[in-house]
Every structure is written in C-alpha cells, then in structure tokens.
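Structure record follows, encoded as structure tokens.
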Amino acid sequence: MGDTTTVQERADRIVADFELFDDWMGRYEYLIELGSALPPLDGAYKTDEYRVRGCQSQVWLKPEYRDGRMFFTADSDAMITRGLVALLIRVLDGLTPQEIVDAPMDFLSRIGMQEHLSSTRKNGLASMVSRIKDFAAGLTQDA
C-alpha cells in the first residue's frame, strides 16, 4: 500500500476484492491466499508478549513504530486466522497511531465477516482489532 491511500480507500479496495467472489468458499480461499502471502514472522516474536489473547488459534502480532507510523508483522497457526490478520494489516499498516485509533473497521461487516465466521473466530478477530488499536492508542498517549 502506498502512503497516500486512506483507510477508507484501503477498506473499499478489500470490499471490491471480496465482491469478485460469488460464494463463501471462494472468499475463504481468498482469505487463505492473503494469509499465505504474509511475510513470515521471526520465531523470536512467537512469544507470550506478542500473542493475541482471545483467539482460539494462536496469533502473534508484532507492532513497529518508526517515522511516526505503525507497521505490523503477524502470524497464526490457522490459515483462515492468518488471512484475517493479513486483512487488518492491509488496511492499517503504515498509518499513524491516530489514524489507526480512528479507523472504522466496518469493512469487516461489509465483506460479510461478521455473519460468516464462527463465534470463536469473530471473538479472535475482535481481539486482533483491539490489540492493534491498543498498540496505537498507547502511542497517541505518549505523544
């Protein structure tokens, strides 16, 4: 993503990508593809410090703050969950902490995630969003 795209533009692009699929099987396959494309997370960060609580599968999320922006790397032991965290990174990576705190996450409903995920995956997704926003909020308080 270029630094010039807004959260809304990124989210709209994801919605458009998901609209290309006629059924949920195609959408799940796309999620798995997104997860497969995530750069690997160094094993040194697969620790409790970076683990996202509230996910049924194991998820690790490493934030990095540089030049006033936040960048994320992540991994999961479940491919769909890995795809979900990849979606979040596509929308939020490279933004300022305040942009992340203010980012509406309604694109997740717009692509049908809220009604097509199991309750445990929905909880995990909410935990990932919360963790990312908490990282960002911590940096806005320090500013």
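The values are calculated or read from the model by the stated rules, or taken from the named source; none is laboratory data. Not measured: the values here are computed from a predicted model. Backbone-built Cβ (ideal geometry, glycine too); neighbour counts: all protein chains shown. When the accessible area is computed, the model is the full protein with side chains, heavy atoms only, and any ligands, DNA or RNA have been set aside. Shrake-Rupley method; radii C 1.70, N 1.55, O 1.52, S 1.80 Å.
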Qualifying positions in region 61-106 - within 10 Å of the chain's Cα centre (by Cα) and of a type in the set (Ser, Thr, Tyr): Thr73, Thr81
Is it true that some residue in region 100-109 is of a type outside the set (D, E, K, R), without any contact (Cβ under 8 Å) to a residue 12 or more places away in the chain and surrounded by fewer than 17 Cβ atoms within 10 Å (Cβ to Cβ)? yes
In region 104-143, residue nearest to Phe72 (Cα to Cα) [restricted to those that are β-branched (Val, Ile, Thr) and in a helix (DSSP H, G or I)]: Ile132
Among all residue pairs at least 6 apart or on different chains, which show Cβ distances below 8 Å where the first residue, located in region 123-141, is closer than 15 Å to Pro97 by Cβ and the second is assigned to a helix (DSSP H, G or I) and of a type in the set (S, T, N, Q)? Ala136/Gln98; Thr140/Gln98
Residue list for region 52-99, restricted to those being assigned to a loop (DSSP other than H, G, I, E, B), touching a Phe, Trp or Tyr at 6+ places or on another chain (Cβ under 8 Å) and open to solvent by 10 Å² or more (accessible area, probe 1.4 Å): Asp93
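Can you name every residue in region 120-143 that is over 15 Å from the mean Cα position of the chain (by Cα) and either open to solvent by less than 50 Å² (accessible area, probe 1.4 Å) or farther than 14 Å from Thr81 by Cβ (or both)?
Answer for region 120-143, where residues must be over 15 Å from the mean Cα position of the chain (by Cα) and either open to solvent by less than 50 Å² (accessible area, probe 1.4 Å) or farther than 14 Å from Thr81 by Cβ (or both): Ala137, Gly138, Leu139, Thr140, Gln141, Asp142, Ala143.
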